[in-house]
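Nothing in this text is a laboratory measurement; each read-out follows from the coordinates by a stated rule. Predicted, not measured: the structure shown is a model, and the values here were computed from it.
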Amino acid sequence: MSLLRRLPHYRFLRKTSFKSFHSNSTPGSLFPYCQSFNSVCLCYTKRMLPPSDLKRWLCYQATVDQRTQGLCVKEQRLVDRLYSGLIQGHRACLAEAITLVESTQSRKKEIAQVLIQKVLSYHREQEKLNKGKPLAFRVGLSGPPGAGKSTFIECFGKMLTERGHKVSVLAVDPSSSTSGGSLLGDKTRMTELSRDMNAYIRPSPTRGTLGGVTRTTNEAILLCEGGGYDIILVETVGVGQSEFAVADMVDMFVLLLPPAGGDELQGIKRGIIEMADLVAVTKADGDLVVPARRIQAEYVSAMKLLRKRSKVWRPKVMRISAKTGEGISDMWDKMMEFHDLMLTSGELITKRRKQQKVWMWNLIQENMLDHFRSHLAVRDKIPLLEEKVLSGVLAPGLAADLLLKAFKDGL
């Protein structure tokens, strides 16, 4: 009945007797009563909703029904088990759901999308109950290797869990271009946080995805939010493109920099600095306090020359030390100030909507490339043209044109 209370026709339905519906009940239906019950819902919804909302509701309902009907009983039970466990906050179900989403097997991808659609619906309803405000704060963390990201996350995460927050860490490990493997060692460096019951750490391999962020990171963020985690930290190694990929899926992008990196302003390029909402100079303790202060001053001056990306927020530069805990609490205060300002101004909601569109087109691009490679008109020609390009007989541009022409003709 809790699901019914969130539907626009609940008042009508609670006056309706359910006894007449039990005889025709069908297993696997969205409501366990019957098809007649669903038809009553549909008729009443048509009368109660405005035309624009009705069209959106019918499209969504058709999509859910179409995807659900394609599942066998075993697959439907799997989706139901993962969904119920996820929204109840079971970490094992969250881990299994993310594993399902990360699978590259075509059938598992379809099952994963059914689960994602259910979680997305639940997520949207919870946001409505929260007066339209986002349920979680998404923070992207990036920086060069050795910047102290894992150490910072452990210290920062422990502070947040002690304050009553539930923290999820999605650590993205770059996969080897030679072997295709990935170390996935971030969890071993966060020993205290990984034992905390209010924290969940999930290392994921990139599998060669450009930008150092997995294709399924967005889905993992959604699943974590469905599991009740209100702080989502997405950590990735700064390899140039990863900062832009992370910034397209989080509310706030934090750049972590070590205090002794040579020519600092040359080492971190302008485009990356422009993406940052907050720059934190790490390891500001002991002998590195003086270099950290110097770098902070340099970046404060550099930030003044950059174009503002937000009307209400000017990026800040801070010094922190995960070893001594100095600046960690102040950093959280600045992050909450950013969140409140962006939410009040409406920029946060606008940003999330744009990110949904970017997410959709990124998935389209990736799936189109897979479709192109496996197409019958192209599949057999790819090795031959690759060989000609390798031997220098054919220019890469001409080979690409030939493949694209063959693909278009084969459609």
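Key figures
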{"item": "Relative frequency of Cα-Cα separations exceeding 25 Å in the stretch 275-401, percent", "result": "56"}
{"item": "Over the stretch 276-335: Rg over Rh, Cα atoms, Kirkwood Rh", "result": "1.00"}
{"item": "Over 19 Å (Cα to Cα) - which of Lys131/Lys308; Lys109/Lys354; Lys149/Lys323; Lys133/Lys308; Lys311/Lys351; Lys74/Lys108 fall in this group", "result": "Lys131/Lys308; Lys109/Lys354; Lys133/Lys308"}
{"item": "Cα-only radius of gyration and Dmax that characterise the stretch 73-128, units Å", "result": "11.0, 34"}
